[in-house]
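In what follows, a single structure is set out as structure tokens and then discussed.
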């Protein structure tokens, strides 16, 4: 039995875009499970843009990562050895776990998943935090109605791709904004969006006017910045803006400056609301049920960009800020046995 | 009987801050009331910052004023001659009427007010649109709770002064931001605010930290601009921002630029909502009743800056953008007889 494993630690805080120099891979003992604990082998690691915020030493909705400690995120793992009556060897579980090849977890820190109804990785994407983020942000704040126009930025990403499909299920006219022709094609041909804009090659403000002839009722905000600025002049009365992410600003060293939004909000009586998925923890069951139903009905598709090998975890994280991924970014560390 | 009167027309659209050159005072016949109409003598004219927006040729929540037509706003008037069974000579009414000394109005365009329970001018201020704007914006969107911290900008103005007092009635810690030491004194000594900041002489961001030791739960937005920018870093989780006005930007010729707010809204799950009082038209009765009750109980004070004489109406409007008024700006055109 092996006794050593690899771990990934944050060794200094990124100033702008994170680089490999911010992290260190070290060898460390796996350790032993005590009573009520389980030894887990890491299967999939979720890499997410919000982790960038936790690398700053700043107050936010989750505490910052500590220096010289491991990064942690959503992880799918398999029980190797159990000292808990709740789990047995071979169980597949989901939890917030450190970036390492093996973890010792308390029995209440993870929950079992059923990977016969969907692949285990789906519990990090469409059936996990990103699917639930799309679900609650869109339906609880955005409240799209049939015939309304819903625009989503970061549309080919983990959250955006689900947002657009749920809006289609609700009968809305759905427009996606993304960063490549490949993504635009994916949105139109795979996900059934009504229109899609490549912000790198097209004039977003101008194309939005053409593809939103009735204005914009819901804007699901994933990116912030200039793309977002183009939305405000097109808002209809009583528009809703769930503010989920602002990836364009995460690596800014200086203040993120743009047109102030107050005037637009007043003119249209529109609402902007920031949220994080934790706000909805008491309602996860409701969302997970609808998402699973739509998935099995074939109404919801999901895409994953899977990077193979624990050694490439940092690369997979850094790739998030290059804008090349489609769907959910996941690192595959081992096979389920 | 006199047959001619003065009227004020918009003759060209202001590019930045309005000036006298945008308006013209003309003489015109008073006209005659037809069946179902009443002849009204103007008593009080309401001058309001939102009228500036209607002077632009731009889509907003109210249509723009037409060139070479009269400005109109909230007016208190007295019936001189009635061809309606609903009104008799001497009745005092409230309506949206043109800026002129006499008006012919259809009987359904105005409503009678009872100026024995409060001075007639109060129906343009605390018991009128500005009181209702404060009431619904603060209570329906801001939802202040006892012990929470409420900050209001434009705090000595028509809306802000009522907002702060209602927040005090609800048991909140109330901080006002205003533009002179006289206003600060008024907020602290007359209206019972817990703290007040003179943004012209004090560092708003720094003083806010001192007077809001528990952060900010509600920010009632009247001004926009740099004052508003100082609020966002201090927002508590689940803060609410009713966006009522952005007077600092009304006269901007160029885009109003500042720190983007998305990141702050995400970190704190905060809400910003634009509104106009028309959204609440079905609930005016509810607000008017509470405001009148608080007024008679002495819990609500109101201040008016009254300019005497129809000839000074334009001056009174232009003064709004100088930031010198306290409370509601009103022009007194004639006495109630």
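Let's see how each residue does on (1) part of a strand (DSSP E or B); (2) at pLDDT below 95:
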site: A:48; (1), (2): no, yes
site: A:51; (1), (2): no, yes
site: A:56; (1), (2): no, yes
site: A:59; (1), (2): no, yes
site: A:64; (1), (2): no, yes
site: A:80; (1), (2): yes, no
site: A:88; (1), (2): no, no
site: A:105; (1), (2): yes, no
site: A:116; (1), (2): no, yes
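Residues being buried (at least 20 other Cβ atoms within 10 Å of the Cβ), at pLDDT below 95 and outside the structural domain of residue B:60 (by TED's automatic domain parsing) are represented in segment B:239-246 by at least one member.
Among the residues of segment B:251-262, those that are buried (at least 16 other Cβ atoms within 10 Å of the Cβ) and at the interface with another protein chain (Cβ under 7 Å from one of its Cβ atoms) comprise B:256, B:258, B:259, B:260, B:261, B:262. Residues in segment A:214-239 that are more than 9 Å from chain B (Cβ to nearest Cβ) and assigned to a helix (DSSP H, G or I): A:226, A:227, A:232, A:233, A:234. A count restricted to segment B:138-164 and to residues that are surrounded by fewer than 24 Cβ atoms within 10 Å (Cβ to Cβ), farther than 18 Å from residue B:280 by Cα and touching a residue at least 60 places away in the same chain (Cβ under 8 Å) stands at 2. Residue selection: residue B:179 fails the criterion of being facing chain A (nearest Cβ under 10 Å), surrounded by 21 or more Cβ atoms within 10 Å (Cβ to Cβ) and in contact (Cβ under 8 Å) with a residue 60 or more places away in the chain. Taking the listed residues B:242, B:259, the one that is within 17 Å of residue B:164 (Cβ to Cβ) and touching a helix residue (DSSP H, G or I) at 6+ places or on another chain (Cβ under 6 Å) is B:242, with no other qualifying. Against the conditions (1) away from chain B (no Cβ under 14 Å); (2) crowded, with 17+ Cβ neighbours inside 10 Å; (3) farther than 26 Å from residue A:62 by Cα; (4) in contact with a strand residue (DSSP E or B) (Cβ under 6 Å, 6 or more places away or on another chain), residue A:336 satisfies every one except (2).
Here is the figure for segment A:268-305: residues that are in contact with a strand residue (DSSP E or B) (Cβ under 6 Å, 6 or more places away or on another chain), within 14 Å of another protein chain (Cβ to nearest Cβ) and not in a loop (DSSP other than H, G, I, E, B) total 5. Among the criteria (1) surrounded by fewer than 20 Cβ atoms within 10 Å (Cβ to Cβ); (2) within 14 Å of chain A (Cβ to nearest Cβ); (3) at pLDDT 95 or above; (4) in a helix (DSSP H, G or I), the one residue B:265 does not fulfil is (1). Considering B:92, B:75, the condition of being in contact with a helix residue (DSSP H, G or I) (Cβ under 7 Å, 6 or more places away or on another chain), at pLDDT 95 or above and under 23 Å from residue B:128 (Cα atoms) is satisfied by B:92 alone.
Apart from one condition, residue A:110 fits all of (1) outside the structural domain of residue A:247 (by TED's automatic domain parsing); (2) surrounded by fewer than 23 Cβ atoms within 10 Å (Cβ to Cβ); the exception is (2). When residues in segment A:195-231 are screened for being touching a residue at least 24 places away in the same chain (Cβ under 8 Å) and under 18 Å from residue A:148 (Cβ atoms), 14 of them pass. Considering A:253, A:337, the condition of being over 30 Å from residue B:277 (Cβ atoms), out of contact with any helix residue (DSSP H, G or I) (no Cβ under 9 Å at 6 or more places or on another chain), assigned by TED's automatic domain parsing to the domain that holds residue A:138 and assigned to a loop (DSSP other than H, G, I, E, B) is satisfied by A:253 alone. For residue B:188, state whether it is more than 9 Å from chain A (Cβ to nearest Cβ) and under 30 Å from residue B:318 (Cα atoms). Taking the combined requirement at face value, the residue satisfies it.
The values are calculated or read from the model by the stated rules, or taken from the named source; none is laboratory data. Note that the structure is a prediction, hence the values are computed from the model and not measured. Here the Cβ is made from the backbone with ideal geometry for all residues, glycine too, and neighbour counts use every protein chain on show.
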